[in-house]
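Student: What follows is a structure written as structure tokens; I'll ask about it next.
Values quoted throughout were computed directly from the atomic coordinates according to the rules given, and no laboratory measurement underlies them. Quick caveat, the model's predicted, so the values are computed rather than measured. Cβ: placed from backbone, ideal geometry, glycine included. Neighbour counts: every protein chain shown.
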Amino acid sequence: MPDEVFLVGDSFVIAIAQAAKATGLGYQGGPVSAGRFLEEPFYRIEQDRFEITLEGSGPIRPLFHDLLRSSAPVISTVGFNSHRLAAQFTALYRTQGVAHYSEMMSGDVFAACVLDARAVALEFYRMLADAGRKVFFTCSPQRVPLPELEVLREAETILIDAVSATGAVFLDARPGTANAQGLLPEFALPEDTIHANAGWGQIVLDLWAARQTD
Amino acid sequence: MPPEKVHDNPYKTLSARNFWRTAIAESGPFGVFGIHRAKFRISQSDKIVTAGSCFAQNVGRALQNKGYHWFNAEPAPQFLSPENVRRFNYDVFSFRTGNIYSVALLRQWLEWAFGDLQQSDEVWFEDGRFFDPVRPVIEPNGFASRKEVFDARARTLAAIRSAVQQAQVFVFTLGQTETWVNNRTGLVYPMCPGTQKGKFDGGLHEMIDFSYMPIREDMMPVLELLRRENPAIKVLLTVSPVPLTATAKAEEHALVANTYTKSTLRAVAGDMANGHNFVDYFPSYELLTAPSFRGMFYAPNARTITKEGIDFVMKHFFKCFSHAEEIGPGQEANRSDSAADGELVCDEMILDFYNAG
């Protein structure tokens, strides 16, 4: 089993990094940015060097230079800031006076909306696959208002399928860490309505470890 | 005996635009002037609805580019990329009907929308997907269920109602006389079943090459319905200059069939305009097909109208109908960023993570 992973993604990666640190698992990388900045192009490839291009990211750029060169398996949350999508769709529902996307568009159009909104993330996963990297990904453990949870899950399902199609392996931490209301309180940071704690991060690493024998 | 004096006659008082030599032959293709005297003007604040054959798509686009209020009653979801907006046939016409080539099909859509006619429940099933026979390619892979077909159609019918009731101008481009129908139910199709989707059944699917009277008989109720729902609406008819892709009449040459189609449609459109003060006919067809233009606005396939042709027609269109000076294209719509605030906490967390070493 590898003794190191390469972490990349939004702020939810922090919980995984903390879990890795606590258990002595080595890691490279870390969180790149808030998820919304990963919705637009955020990197370029120079030869085989991965270069973050986000404004203000200068100090952390070297941490990701080896993303394509490293042999450590990648664990990513890129693209799974689904709470933003859920909030955007819920706002649209309100303005249109509907309760579900199916009152406004077909399932295919909804799927296209989701994939378009995460086009940069999908390109990122395709790029990693083309570089021959072994990639695992997980959903950021969103805690959203209940009315947003349904569309969040629907969007996640579409995105999970699309990312899986690039060859990346999904680590589904939701069973056991979430219920119909979202992330269980014991896996959430205290005094933070959004983010998960290292306990959740450990679940992700356990799922990853279990896949090493596949 | 002195030579007989030329008597006064109606032609003596006519202007240069009335004579072929001065209006066309000597003016040259780009010197055509006064092609049409519009019955009404269109202001940039007027809501303009476009429907019809593919040429109407160009009209809608040109109106938008000139800053006119092309009324999109069934816009694409804001999250969809431009590529997918096209794939899913949004923003093509004012509502998502796809091409409406025939007057019979327009009548069917309108009567469904306003409850004058009960909708057909025919749905095509192919490779596990469901297709709407009145717009079989509106979604590239069809719909997931029969319910989705009718839900989507209900949205389009609602958009039609909204468009008709709010519009100041309804632009319709007549495209075809050859129309495929279901001879048992009377359902009018936009194209022959089996050509793109569906399965052709020779006993069920029949091509009717509508002549002048039946088209007129479809057009009259269309105009009545539009005015019933919106007494102030103006109707602007055009005939598509795009020739038929093919004729279904095996005995007939495509050119001959096309001439029949276009001349019949042109006659109906002209008579509707002559007979109603709220209906006008804009001669885009003539502007592209007259001998003096020598087919210069057609692509090498002798069918597609070039961008230059569209620009040429629309220049005349705006000259005829516009009130005001042209303005530039409209501002792009603002995209929602309502969820951004919720992520401020993420930025702080990331800074903390790296600060902690």
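Student: Given the Cα-Cα distance of A:S102 and A:R61 and 0.36 nm per residue of separation, how much length would full extension add, in nm?
Tutor: Values: separation 41, 0.36 × 41 = 14.76 nm, distance 4.18 nm.
Full extension of this stretch gives 10.6 nm more.
Student: Could you list the GluC sites (Glu not before Pro) in the range A:1-108 that lie in coil according to DSSP, counting only those with at most 16 other Cβ atoms within 10 Å of their Cβ? Present the calculation step by step, with values, prior to reporting the outcome.
Tutor: Values: sites: A:E4, A:E39, A:E46, A:E51, A:E55, A:E103; in loops: A:E39, A:E55.
Filter output for the range A:1-108: A:E55.
Student: Here's another thing I want to ask about it. Which of the GluC sites (Glu not before Pro) across the range A:118-214 are loop residues per DSSP, with 14 or fewer other Cβ within 10 Å?
Tutor: Details: sites: A:E123, A:E148, A:E150, A:E154, A:E156, A:E186, A:E191; in loops: A:E191.
Listed in order of number, the matching sites are A:E191.
Student: Moving on. Determine the alpha carbon to alpha carbon distance for each of B:K66/B:K249; B:K147/B:K199; B:K47/B:K262 and list only those over 31 Å.
Tutor: Numbers: B:K66/B:K249 41 Å; B:K147/B:K199 21 Å; B:K47/B:K262 28 Å.
The answer is B:K66/B:K249.
Student: Follow-up. In the protein assembly as shown, what percentage of the DSSP-assigned beta bridges are antiparallel, given to the nearest 5? Present the calculation step by step, with values, prior to reporting the outcome.
Tutor: Details: 19 of 51 bridges.
Looking only at bridges with both residues in the protein assembly as shown, the antiparallel portion is about 35 percent.
Student: Right, here's the next one. Name the shape class, rounded, prolate or oblate, that the alpha-carbon gyration tensor gives for the range B:28-355, where a ≥ b ≥ c are the square roots of its eigenvalues, rounded holds for a/c under 1.5, and otherwise prolate holds if a/b is larger than b/c and oblate otherwise. Don't skip to the answer; put the middle values down first.
Tutor: Working: a/c = 1.73, a/b = 1.25, b/c = 1.39.
In terms of gyration-tensor shape, oblate.
Student: Counting only other chains, what is the mean number of Cβ atoms within 10 angstrom of the Cβ of each residue in peptide A:82-88?
Tutor: Details: counts 0, 3, 7, 2, 1, 7, 7.
Average neighbour count from other chains, rounded to a whole number: 4.
Student: Follow-up question, since we're still on this one. Going 7 Å from the Cα of B:E229 toward and past its Cβ, which residues in the range B:99-122 have a backbone nitrogen under 16 Å from where you end up?
Tutor: Hits in the range B:99-122 for B:E229 at 16 Å: B:100, B:103-120.
Student: Quick one: Debye curve from the C-alpha atoms of the range A:1-106, no solvent, what's log10 I(q)/I(0) at q = 0.14, 0.17, 0.18 Å⁻¹?
Tutor: Cα-only, vacuum Debye calculation for the range A:1-106: -0.65, -0.81, -0.87.
Student: Per DSSP helix of 4 or more residues, -39500 (n - 2.57); summed, then divided by the residues of chain B. What does that give at 222 nm, rounded to the nearest 500?
Tutor: Numbers: 9 runs with 123 residues, N = 357.
When only DSSP H runs of four or more count, the value is -11000 deg cm²/dmol.
Student: Using a 10 Å cut-off around each Cβ of peptide B:71-83, what is the average number of partner chain Cβ atoms that fall inside?
Tutor: On the way: counts 0, 0, 0, 0, 0, 4, 11, 6, 14, 8, 6, 1, 3.
The per-residue average across the peptide is 4.
Student: For B:N277 and B:A290 in the same chain, what is the full-extension length gain: residue separation times 0.36 nm, less their Cα-Cα distance, in nm? If you can, show how the numbers build up before the last one.
Tutor: Values: separation 13, 0.36 × 13 = 4.68 nm, distance 2.67 nm.
Taking 0.36 nm per residue and subtracting the Cα distance, the gain is 2.0 nm.
Student: Give me the distance in nm between label points sitting 7 Å out from Cα along the Cα-to-Cβ direction at B:E308 and B:N18, one decimal.
Tutor: Those two pseudo-labels are separated by 3.4 nm.
Student: Suppose we keep just the DSSP beta bridges with both residues in chain B; what percent of those would be antiparallel, to 5? Display every interim value, and only then the final one.
Tutor: Working: 12 of 29 bridges.
If I count the DSSP bridges inside chain B, around 40 percent turn out antiparallel.
Student: Can you give the FRET efficiency for B:A267 and B:S145, using 1/(1 + (r/R0)^6), R0 = 41 Å, r = Cβ-Cβ distance, to the nearest 0.05? Walk me through the numbers on the way to the answer.
Tutor: Details: r = 44 Å, r/R0 = 1.06.
So the FRET efficiency works out to roughly 0.40.
Student: Among all the lysines, which ones have a C-alpha under 22 Å from A:K134's C-alpha, if same-chain residues fewer than 8 places away are not counted?
Tutor: Output for A:K134: A:K21.
Student: Let me ask another. Looking only at the range A:1-141, where both bridge partners belong to it, what percent of the DSSP beta bridges are antiparallel (to the nearest 5)?
Tutor: Rounded to the nearest five, the antiparallel share is 25 percent.
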